[in-house]
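The values are calculated or read from the model by the stated rules, or taken from the named source; none is laboratory data. Since this is a predicted model, take the numbers as computed values, not measurements. As a convention, Cβ positions derive from the backbone with ideal geometry for all residues, glycine included, and neighbour counts pool all protein chains shown.
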Amino acid sequence: MKNRKQQTPARKRAQKRPTKRAPARSRSDAAPSALALAAECTLAQADALQAELARRLDEPQRVIVDVSALQRIDTAGLQLLAAFVQDRRTAGRAVEWRGRAAALDAAAGLLGLRGMLELAGEVGQ
Amino acid sequence: MTVDLTQFHDAFFEESFEALDSMEAALLKLDIGSPEPELINTIFRVAHSIKGGSATFGFSEIASFTHSLETLLDELRSGTMPVTVAVSDLLLKSVDVMRAMLRAVQAKQPIDSQRVSDLQFDLEVAIARKSEPAPPPAAASAAPAGSGGSAAAPAAALGHWRIRFHPYRELLARGNDPLRMLRELAELGELQVRLDAQMLPPLHEISPQDCYLAWTLELPGKVPEEAIRQVFEWAEGDCDLTIERLPAEQEAPAASAAPEPAAAATPPPTRAPEPQTAHQPSSAPAPAPAAAVPPASRLDAPGKSEPALSALGDSGSIRVSVEKIDELMNTVGELVITQAMLSQLGSHFDGPDAEKLRAGLAQLERNMRELQESVMRVRMLPISFVFSRFPRMVRDLTQRLGKQIELKLTGEQTELDKTVLEKIGDPLVHLVRNCIDHGIEYPEARIAAGKPAEGTVHLDACHRGGNIAVEVSDDGGGLDSERILAKARARGLIGPNDTLTEAQIHELIFQPGFSTAEKTTDLSGRGVGMDVVRRNVKELGGKVEVRSEPGRGSRFTITLPLTLAIVDGQSVAVGTETYIVPLISIVESMQLKPSGVTRLSGRGEVLSFRGDYLPIIRLHELFGVEPRSRALHEGLVVIAEGDGRRVGLFVDDLLGQQQVVIKSLEANYGHIDGVSGATILGDGSVALILDVPGLIRAASMRAAA
């Protein structure tokens, strides 16, 4: 039996990689804050995505996440989105999804994250 | 990637045979009319795993047959078909057929297709008769979905795999993406996913390259375990992974309770108070239903599924071939000899460090003994391996004979050496058959005798000293002394005017060629008599005795050594040679007075021992050794017993008692009358281990010659 446990202290930002591609573009003008996800939201872009999401975390208005450009997302990317949605929700702040991305749909479904991301109703519209 | 599946064949056969044994046991416990669901599940699981395995390995005939069987079992499980005697018989026959098929495949022999297809036909007829729209066997796995309201569990009939996948933090950084793995799993079959996001910290605490998520996944049972393992192959070492088969029964509540919110299953993280899967899209385009959440009762109560799972094996044991253990045993035997040699050397050692050396040697001896005992224990198996065949046998026999018999098994956990275990089976079968056939009376006769209509056959095993005693007793009529005497006289085993004690009469049944069965039934009177039982037991170094009371029943007791590898022996000196006399056959040792010996014409020398005259065997004469002394009063006499006869063995001296490792003489040299084996002594010399019954025979032949 393996005795390594998940609870071991997290390695703090072990490998910080330079981002090759901006993970998100922001539109600062609209009243509900909009965040457009880049085509790729994978491990390689995770640091940048985290920074981008962190900036929107305390946004008092609802945050609209536009996924229409999203082509690829992996567990690392989804995990960040999930934490983002969860943090916002705990603080009583809304997150809305805009657009539709098959990649997100499929990946969230497979990982059992649809509920947590509150993807169900919104994407699909 | 191609995997050579033949390497798994042996494991598959072994597991299947074991599984069939447990299926048979479960079938026998099954109450007609009100079967216990857990038993049916056990039976179902066996059929299912054999089907899965045989399909994987391409044993299509077995797979096809078990498929029909599974369909029938599914009807029983769902309650659409009652468990009747006929059904239970059919299932027992199926066990036999599956066993036969597996044996045939294992031996690469052709399968008896006629027998298989006959029974398969019977199975299908039974299915068709009970559930009107007879499901064609091919549609079996889909059948339950259509028939019941359990549309949510399409593959419910097959049981489920539950996979707990708990990635370590570094899994992602090592290039593994759970998403890819889950996608591959989803391709294997309908994947149910339950996410555990409890470890997910707030966004700003996340290290983006770390994985904080874990999953509990479920796949239909028809997916081969190997395929699942392959998906996780690359993540090995980067995650905790458990793959277990869920009994199918636990499917049902899952289906009905599926809409329950996840909050019921997972204590919600403090930061996410509301139910997480509140709105499930009913028409999700995702390849797998998103987070189809199983109810709490299923995932949070491992205690319930554990006993059921243990039936299928992870009991913390490994399979080791007998060969390897024998090799180990042999090496330990050699070590014992080396150690004895060192001890002997050490005892003559002088010098400043002699004391330390002896202390070390004493330690070595203790450790050796422990090692030897541990290795011996590895070879030990509970006698339940043998006992387990009897419930079925008794059931079949009582049905055929029209008797009512209850079989009582006790002491099933008593352990004994595997070699002994394998050889004790047949004698026990014979004894039990005998009890059923001759011992227990027909119900009418029993009631007339004031006994309950149902007779009892009791099998018991226990440790007694360094031996194991196995008893077969019944509460039947007991041995019929009159008939035994008459038979023995007719066969000329005893003279017409000999008077015998009750015990002596009972001994007669062990004589070769003795059988009181008036007519030869296919049960006990098949020409294999009690003499064969005695011979087999004797070959194991044991003995069999009988006690019987008219009208009250009889009791056969087999006493066996725990192992065949080691014997407790008394070493004796004859001239320059050393012999080992097994302690079990020694009554006592004594010094003779010249007056205690009498010469009888034609019967050689006898000694007076407790009012009895025992023949004296001079070992030096028998083995042609030059003794230290030929005068009986100068040496010692060991009174030994074998086959119920006692003799005095004349030896020069007693050397000491010790455990000796038996080396087969037959395997290394050849058979010698009166010698059961050899051993190597501490000084490296070889000592013969005496076989007392054989000695007595050899000596009486010499006397007669």
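Show me the helices (runs of 4 or more DSSP H) found entirely inside region A:33-118 where at least 2 residues are farther than 27 Å from B:A173 by Cβ and without any contact (Cβ under 8 Å) to a residue 60 or more places away in the chain.
A:75-90
Please go through (1) modelled with pLDDT under 85; (2) over 44 Å from the mean Cα position of the chain (by Cα); (3) crowded, with 23+ Cβ neighbours inside 10 Å for B:C211 and return the number of the only condition it doesn't satisfy.
The one condition B:C211 does not meet is (1).
From the set of residues in region A:101-122 that are within 14 Å of the chain's Cα centre (by Cα) and more than 9 Å from chain B (Cβ to nearest Cβ), which is surrounded by the most Cβ atoms within 10 Å (Cβ to Cβ)?
A:L104
Could you please let me know if B:T414 is surrounded by fewer than 18 Cβ atoms within 10 Å (Cβ to Cβ), touching a residue at least 12 places away in the same chain (Cβ under 8 Å) and among the hydroxyl-bearing types (S, T, Y)?
So B:T414 fails the test.
Within region A:61-77, does at least one residue satisfy the condition of being at pLDDT below 90, out of contact with any strand residue (DSSP E or B) (no Cβ under 9 Å at 6 or more places or on another chain) and either more than 11 Å from every other protein chain (Cβ to nearest Cβ) or surrounded by 13 or more Cβ atoms within 10 Å (Cβ to Cβ) (or both)?
Checking region A:61-77: not a single residue is at pLDDT below 90, out of contact with any strand residue (DSSP E or B) (no Cβ under 9 Å at 6 or more places or on another chain) and either more than 11 Å from every other protein chain (Cβ to nearest Cβ) or surrounded by 13 or more Cβ atoms within 10 Å (Cβ to Cβ) (or both).
Out of B:E588, B:E577, B:E605, I need the residue that is in contact (Cβ under 8 Å) with a residue 12 or more places away in the chain and either of a type in the set (A, V, I, L, M, F, W, C) or exposed (fewer than 12 other Cβ atoms within 10 Å of the Cβ) (or both). Which one?
Only one candidate qualifies: B:E588.
Condition first: of a type in the set (A, V, I, L, M), without any contact (Cβ under 8 Å) to a residue 24 or more places away in the chain and more than 21 Å from B:S685 (Cβ to Cβ). Now tell me which residues in region B:331-380 satisfy that.
Answer for region B:331-380, where residues must be of a type in the set (A, V, I, L, M), without any contact (Cβ under 8 Å) to a residue 24 or more places away in the chain and more than 21 Å from B:S685 (Cβ to Cβ): B:A354, B:L357, B:A359, B:A362.
Let me spell it out: the conditions are (1) crowded, with 19+ Cβ neighbours inside 10 Å; (2) facing another protein chain (nearest Cβ under 10 Å); (3) farther than 17 Å from A:M116 by Cα, and B:E218 meets all of them except one. Which number is the exception?
With respect to (1) crowded, with 19+ Cβ neighbours inside 10 Å; (2) facing another protein chain (nearest Cβ under 10 Å); (3) farther than 17 Å from A:M116 by Cα, B:E218 is out only on (2).
Of the residues B:G478, B:G495, only one is part of a loop (DSSP other than H, G, I, E, B), touching a strand residue (DSSP E or B) at 6+ places or on another chain (Cβ under 6 Å) and not aliphatic (A, V, I, L, M); which? Step through it out loud before you land on a result.
On the way: B:G495 fails: touching a strand residue (DSSP E or B) at 6+ places or on another chain (Cβ under 6 Å).
Exactly one of B:G478, B:G495 is part of a loop (DSSP other than H, G, I, E, B), touching a strand residue (DSSP E or B) at 6+ places or on another chain (Cβ under 6 Å) and not aliphatic (A, V, I, L, M), namely B:G478.
Evaluate region B:53-75: report whether one residue or more is β-branched (V, I, T), surrounded by fewer than 17 Cβ atoms within 10 Å (Cβ to Cβ), closer than 25 Å to B:H9 by Cβ and at pLDDT below 85.
Looking through region B:53-75, at least one residue is β-branched (V, I, T), surrounded by fewer than 17 Cβ atoms within 10 Å (Cβ to Cβ), closer than 25 Å to B:H9 by Cβ and at pLDDT below 85.
Only one of (1) surrounded by fewer than 21 Cβ atoms within 10 Å (Cβ to Cβ); (2) more than 30 Å from B:E373 (Cα to Cα) fails for B:E471. Which number is that?
(2)
Pick out, from region B:329-414, the helices (runs of 4 or more DSSP H) lying fully within it that include 3 or more residues that are under 28 Å from the mean Cα position of the chain (by Cα) and of a type in the set (A, V, I, L, M).
B:354-379, B:390-401
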